1. Would you list Met225, Met329 from fewest to most Cβ contacts within 10 Å?
2. Write down Rg/Rh for segment 89-178, rounded to two decimals, with Rg from the C-alpha atoms and Rh from the Kirkwood relation over Cα pairs.
3. Using Cα centres only, tell me the gap between segment 86-139 and segment 179-200 in whole Å.
4. Can you tell me the orientation of helix 360-370 relative to the chain, as the angle in degrees between its alpha-carbon axis and the longest Cα principal axis, to the nearest 10?
5. Comparing Ala357, Ala101, Ala323, which has the greatest mean-square fluctuation in the GNM of the chain with Cα pairs linked when under 10 Å apart?
6. Over segment 165-347, how many percent of alpha carbon pairs lie in each 10 Å bin up to the one with the longest distance?
7. Take the cross-link list Lys38/Lys218; Lys2/Lys180; Lys31/Lys332; Lys40/Lys273 and give me the ones stretching past 27 Å between alpha-carbons.
8. Rounded to the nearest 5, what % of DSSP beta bridges with both residues in the chain are antiparallel?
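Read-outs: derived from the displayed coordinates by stated rules, not from any lab. Note that the coordinates shown come from a computational prediction; the quantities given were computed from them, not determined experimentally. FYI the Cβ positions are ideal-geometry reconstructions off the backbone, even for glycines, and counts take in every protein chain you see.
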Amino acid sequence: MKNLRQVELKNKKILLRTDFDVPVSEKGEIKEPFRIKKQKETLDYLISHGAKVVLAAHISDESAGRSFASLVPQLHILLGQEINFIKSVPEIEKYLENHTAPALLENIRQNKGEEKNDQKFAMALSRGFDIYVNNAFAVCHRNHASVSAITKFLPNYAGFLIEDELKNLQNIIDAPKEGKVLIMGGAKASTKIPVIKNFLNKVDKVLIGGVIANDFLKAKGEDIMDSVVDENSLEILAGLDLNNLQLIMPKDFNIFEKKILDIGPETIKEFSKTIKNSRMIIWNGPMGLFEDEKFAEGTRVMAEAIVNSGAVKIAGGGDTISAINRFGMFDKFDFISTGGGAMLSFLAEEELPGLRALGYYDQNDRAKNKN
Ligand code: ADP
Ligand code: MG
């Protein structure tokens, strides 16, 4: 990966892939600004060195209508920076000609080519720019046009957030397997479950909760009533030994209207004990529907057990960060990654398309060949 500090930035037009995928309240307020604030260092650096910056990002929150249009004034405050808004890709070139202030492009995933990693779309996106900087670590596990194909059309660099994430996560990979525990919950089974296979030889145990646990239980033939499951959970779980003793499933549940919405008291006790005896904890994904106080107990007590343990504590993922913040435990963790799926994938030593596109593995391949 090329080092951003060595580039001449004065008057350069820069496409900065950022990560602004934050939860938004029904009133339209950004509920969790962590990911946005993490972009500030790189953005400030680019601007203070005289670059013209257009930011590209996606937003999946329904309350915001999957659009940045109404969020721009809040970004302005969070980033301490005037931010304009560009409605669509064809308008970028003209903007770059006529303005110097940074601007945010509307939700990049509104373009059909984005999630298909379409080359033509990436080419259109690159028009008018001199340089591409990827600072969206949390999206690096996606093979999307603004993360991957774009690097074919512009000189490309990793932003400071990606550098920082990789340095911290590499230390976690390098720590011994003994006493390492992965806690996995949340809902994105299709992204998270495939990672488990690659984790089994890297950790002692995997504690499973959230919708992910429902998928396992369903695959094992247990009755999970009307609980939320991933449509393709059986396919996703194929090839994974469901009876592997390293995989620890919840034993009891908090059930409401025939839905499993949190782990139960026995599970909380058992998981807490494992956490207490571990040396390093990697946590991604809430144990239940923690946004509703009635189903937040599992997630809260797990977070307390982690914080009170003597283990090295790492967490990541948008909703996991929201939960940690809500419990006021943010400063008690050793490292908090902006990535959920991307963090897991990197820790499982899978290849991330976004990092591949930046040349990250070329360097590592070279290092391997030397040895
Ligand atoms: P992260 O953003 O931390 O990676 P995910 O996006 O995978 O986590 O999942 C978080 C979501 O999963 C939360 O909105 C939470 O309410 C939901 N969730 C967890 N457990 C359950 C459950 N049993 N039933 C329904 N939703 C759940
Ligand atoms: Mg999430």
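1. Working: Met225 11, Met329 17.
Fewest-to-most Cβ neighbours within 10 Å comes out as Met225, Met329.
2. Working: Rg = 15.7 Å, Rh = 14.7 Å.
The Rg/Rh ratio comes out at 1.07.
3. 32 Å
4. So the helix axis and the longest Cα principal axis differ by about 80 degrees.
5. Among Ala357, Ala101, Ala323, the largest mean-square fluctuation in the Gaussian network model of the chain belongs to Ala101.
6. 10, 42, 38, 10, 0
7. Working: Lys38/Lys218 38 Å; Lys2/Lys180 32 Å; Lys31/Lys332 20 Å; Lys40/Lys273 39 Å.
The answer is Lys38/Lys218; Lys2/Lys180; Lys40/Lys273.
8. Values: 5 of 41 bridges.
Percentage antiparallel, nearest 5: 10.
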